[in-house]
Amino acid sequence: MNKHGVVVHELGAGSYVGENGMLFGCPRLATVVAVTHVDAYMLAWGDLQQLFRLSGAFHAQVKQTSVLHT
(Lines give C-alpha, C1' and ligand atoms only; values in the text may rest on other atoms or scores of the structure.)
Protein backbone atom coordinates (compact mmCIF):
# COMPACT_ATOMS: atom_id res chain seq x y z
CA MET A 1 0.00 0.00 0.00
CA ASN A 2 1.23 3.45 -0.72
CA LYS A 3 0.77 6.40 1.65
CA HIS A 4 -2.69 7.00 0.16
CA GLY A 5 -3.90 3.49 1.02
CA VAL A 6 -3.75 2.23 -2.56
CA VAL A 7 -2.50 -1.34 -3.00
CA VAL A 8 0.68 -1.19 -5.08
CA HIS A 9 1.51 -4.89 -5.26
CA GLU A 10 0.27 -8.17 -3.78
CA LEU A 11 2.54 -11.07 -2.92
CA GLY A 12 1.58 -14.68 -2.49
CA ALA A 13 2.90 -17.83 -0.87
CA GLY A 14 6.64 -18.28 -1.29
CA SER A 15 7.26 -14.61 -2.01
CA TYR A 16 10.04 -12.66 -0.39
CA VAL A 17 10.94 -9.03 0.20
CA GLY A 18 14.13 -7.20 1.10
CA GLU A 19 16.30 -8.82 -1.55
CA ASN A 20 17.59 -5.50 -2.90
CA GLY A 21 18.97 -4.51 0.47
CA MET A 22 20.60 -7.91 0.87
CA LEU A 23 22.05 -7.99 -2.65
CA PHE A 24 23.16 -4.39 -2.99
CA GLY A 25 23.43 -3.10 0.59
CA CYS A 26 20.90 -0.37 -0.09
CA PRO A 27 18.21 0.92 2.28
CA ARG A 28 14.81 -0.71 2.10
CA LEU A 29 12.65 0.35 -0.81
CA ALA A 30 9.23 -0.46 0.61
CA THR A 31 7.15 -1.09 3.67
CA VAL A 32 5.23 -4.35 3.58
CA VAL A 33 1.81 -4.67 5.23
CA ALA A 34 0.11 -8.04 5.66
CA VAL A 35 -3.66 -8.10 5.20
CA THR A 36 -3.96 -11.77 6.21
CA HIS A 37 -2.04 -14.12 8.50
CA VAL A 38 1.61 -14.44 7.47
CA ASP A 39 4.37 -16.76 8.58
CA ALA A 40 7.47 -14.63 8.08
CA TYR A 41 11.12 -15.53 8.46
CA MET A 42 14.21 -13.38 8.65
CA LEU A 43 17.37 -14.51 6.93
CA ALA A 44 20.74 -13.18 8.08
CA TRP A 45 23.27 -11.96 5.51
CA GLY A 46 25.71 -14.84 6.15
CA ASP A 47 22.96 -17.43 5.83
CA LEU A 48 21.82 -15.93 2.54
CA GLN A 49 25.38 -16.04 1.22
CA GLN A 50 25.60 -19.71 2.18
CA LEU A 51 22.34 -20.44 0.34
CA PHE A 52 23.71 -18.65 -2.73
CA ARG A 53 26.86 -20.81 -2.62
CA LEU A 54 24.77 -23.98 -2.31
CA SER A 55 22.28 -23.11 -5.04
CA GLY A 56 23.21 -21.10 -8.09
CA ALA A 57 19.60 -21.43 -9.27
CA PHE A 58 18.31 -19.78 -6.09
CA HIS A 59 20.88 -17.00 -6.42
CA ALA A 60 19.81 -16.38 -10.02
CA GLN A 61 16.13 -16.34 -9.02
CA VAL A 62 16.72 -13.76 -6.27
CA LYS A 63 18.75 -11.58 -8.62
CA GLN A 64 16.01 -11.78 -11.27
CA THR A 65 13.34 -10.89 -8.72
CA SER A 66 15.36 -7.87 -7.57
CA VAL A 67 15.44 -6.61 -11.17
CA LEU A 68 11.64 -6.94 -11.34
CA HIS A 69 11.17 -5.04 -8.04
CA THR A 70 13.22 -2.02 -9.12
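The values are calculated or read from the model by the stated rules, or taken from the named source; none is laboratory data. Note that this is a predicted model, so its numbers are computed, not measured. Neighbour counts run over all protein chains shown; Cβ positions are idealised from the backbone, glycine included. Ligands, DNA and RNA are stripped out before the accessible areas are found, and what is left, the full protein with its side chains, is counted by its heavy atoms. Shrake-Rupley method; radii C 1.70, N 1.55, O 1.52, S 1.80 Å.
Within the stretch 1-17, the set of residues being surrounded by 10 or more Cβ atoms within 10 Å (Cβ to Cβ) and modelled with pLDDT of 80 or more comprises HIS9, LEU11, SER15, VAL17. Out of all the residues in the stretch 20-70, which are under 23 Å from GLU10 (Cα atoms), part of a helix (DSSP H, G or I), open to solvent by less than 90 Å² (accessible area, probe 1.4 Å) and at pLDDT 85 or above? The answer is PHE58, HIS59, ALA60. Among the residues of the stretch 1-60, just one is of a type in the set (Lys, Arg) and under 16 Å from the mean Cα position of the chain (by Cα), namely ARG28. Is at least one residue of the stretch 6-21 in contact with a Ser or Thr (Cβ under 6 Å, 6 or more places away or on another chain) and closer than 23 Å to GLN64 by Cβ? Yes, because at least one residue in the stretch 6-21 is in contact with a Ser or Thr (Cβ under 6 Å, 6 or more places away or on another chain) and closer than 23 Å to GLN64 by Cβ. Among residues of the stretch 16-45 that are touching a residue at least 12 places away in the same chain (Cβ under 8 Å) and more than 25 Å from HIS4 (Cα to Cα), those with a beta-carbon under 8 Å from a residue that is open to solvent by 100 Å² or more (accessible area, probe 1.4 Å) and of a type outside the set (Gly, Ala, Ser) at least six positions away or on a different chain give the pairs MET22/TRP45; LEU23/LYS63.
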